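Below: the structure, in structure tokens.
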């Protein structure tokens, strides 16, 4: 079994009126089957309201499934006794960097998770140093989080999760509130973790550019998994992506349009270099 | 800049007093304040002022920063002195119009003024030399025994430090909302006090909504990082007494001994 696995996961938001009567039910996640192996970089893509964040919250045991099961490293997330183990195994980074930094100094914030786990003081310091180095924020360890840029704050949040030594990190739209350079910074840090430290990464996003380096991509729409495959396989279906209201990267779109006009190009071109190469060959 | 506002009035510099354990400073300040109420003669106050002068010297904080703290209580000081001066019955010294100053009144007024002044300066040394964060840590540790009486010591300390963390963020947000409302024609500056208070409503409502949203997010983030209260939690920066802290305790005890012995001597001139 993989590190994260869901089987027929269903989650319903129940809306109630003031007297507590059920007004309506929204199915946010509808029969989702996910299987992520240790060390993989998986991206989950979807536009607003596709249920991707709800799915993410299940992996961290913040939400419990209405139907179906979620396993994290073999542990059932709805098992009350395992909640803290699940959260330690699958760490979570949220969207707004300001609302997830607890410490008043960078290093104190990174130490927050290990403190909660009851790690001895000496080891906390070792973990803090190693995590801050892994995201390239060690020189900022004495700074106040208020003095950092968005991308830097988000890297501190990632370090905070990393210090808990998780096997898997779930990032719920970590770049949605950042500027382009901050976005690149964060994605680079995330890729580093995956490749150097071997941490399993589940990246939830609606930016297509960020999934190019993923091993596998799931595309969600209205709570269901609409597409699954490697980034190349996903990007070769430009029409389908447009239907799902997702923006195809400019390079891919250009290649697609060229091909439609009769140019002999392969499907699913992801980078400018790749496109240039192919055009040269034609 | 709004961003630069810090709670309290911490003065950043290097000194022995800055490096002391916050528990020593908290306890010392408390004992010092209590000691001021024991003195019966000027000698006690002289000892207190001498002790204070030494501490100020050691703290490397410019004296004017402490005087700044005095401005806030100036009105209270004048009021206290005034009441004591004119309303204490006793041997008449000077009398004009309906007011009389008595010998006893003069004595109490001066004592009160001196007492209040050194009390304020004494406690401002603590806030000037301790970061709010450190202070919270010290309070948590000192109040620890209260847990037996089910006082949520850890929770209160956690709340305080989260509040400190979010003050600059919320200030910045207030600034942003204010500008947004001004851009849409809101007027925060003219009119009488009631009008101005009313003008704050469109500022406070979005601010509160956003604060609640942040609180919700933060709670989620804390839970997902395995926060489950103070039970079984270790500290990254535990408070440990060092040699200098014990020396400081020694100094405080010494001061108390000298001060109370001298300060409670009864003048027997006869």
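Key figures
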read-out	value
Between 0 and 90°, nearest 10: helix B:243-263 axis offset from chain B longest Cα axis	40 degrees
Footprinting exposure proxy for A:31, A:57, B:243, B:147 (fewest neighbouring C-beta atoms within 10 Å first)	B:243, B:147, A:31, A:57
P(r) histogram, all alpha-carbon pairs of chain A included - 10 Å bins from 0, percent	7, 27, 32, 23, 10, 2, 0
P(r) histogram, all alpha-carbon pairs of the range A:25-173 included - 10 Å bins from 0, percent	11, 38, 33, 16, 2
Highest-MSF residue in chain B out of B:64, B:233, B:98 [GNM, Cα springs under 10 Å]	B:98
Principal axes of chain B: Cα extent on each, largest first, Å	75, 56, 38
Peptide ranges A:183-193, A:250-260, A:199-209 listed from the most packed, as the mean C-beta count within 10 angstrom indicates	A:199-209, A:183-193, A:250-260
Angle between chain B longest axis and helix B:42-59 axis [Cα atoms, degrees, rounded to 10]	40 degrees
CD proxy at 222 nm, helix term only [per DSSP H run n ≥ 4: -39500 (n - 2.57); per residue of chain B; nearest 500]	-23000 deg cm²/dmol
Residue order, fewest to most surrounding Cβ atoms within 10 angstrom, among B:226, A:278	A:278, B:226
Cα Rg, Dmax, the protein assembly as shown, angstrom units	31.7, 120
Length-normalised contact order of chain A in % [C-alpha pairs under 8 Å, at least 6 apart]	21 percent
With eigenvalues of the C-alpha gyration tensor scaled by 5 and rooted, the range A:122-161, Å	17, 10, 8
Nearest-ten-degree value, helix B:103-129 long axis tilted from longest Cα axis of chain B	40 degrees
B:141, A:242 arranged by Cβ crowding within 10 Å, fewest neighbours leading	A:242, B:141
Euclidean distance of C-alpha centroids, the range A:234-248 and the range B:79-149, integer Å	74 Å
Value of [θ]222 nm, deg cm²/dmol, for chain A, DSSP H segments ≥ 4, -39500 (n - 2.57) each, nearest 500	-10500 deg cm²/dmol
Dimensionless Rg over Rh [the range B:46-88; C-alpha; Kirkwood]	1.14
Quotient of Cα Rg and 2.2 N^0.38 Å for the range B:116-212, N being how many residues it contains	1.55
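Computed from the coordinates by the stated procedures, all read-outs in this text should not be read as laboratory data. Predicted model only: the values in this text are computed from it and were never measured. Ideal geometry is used to build each Cβ from the backbone, glycine not excepted, and the neighbour counts take in all protein chains shown.
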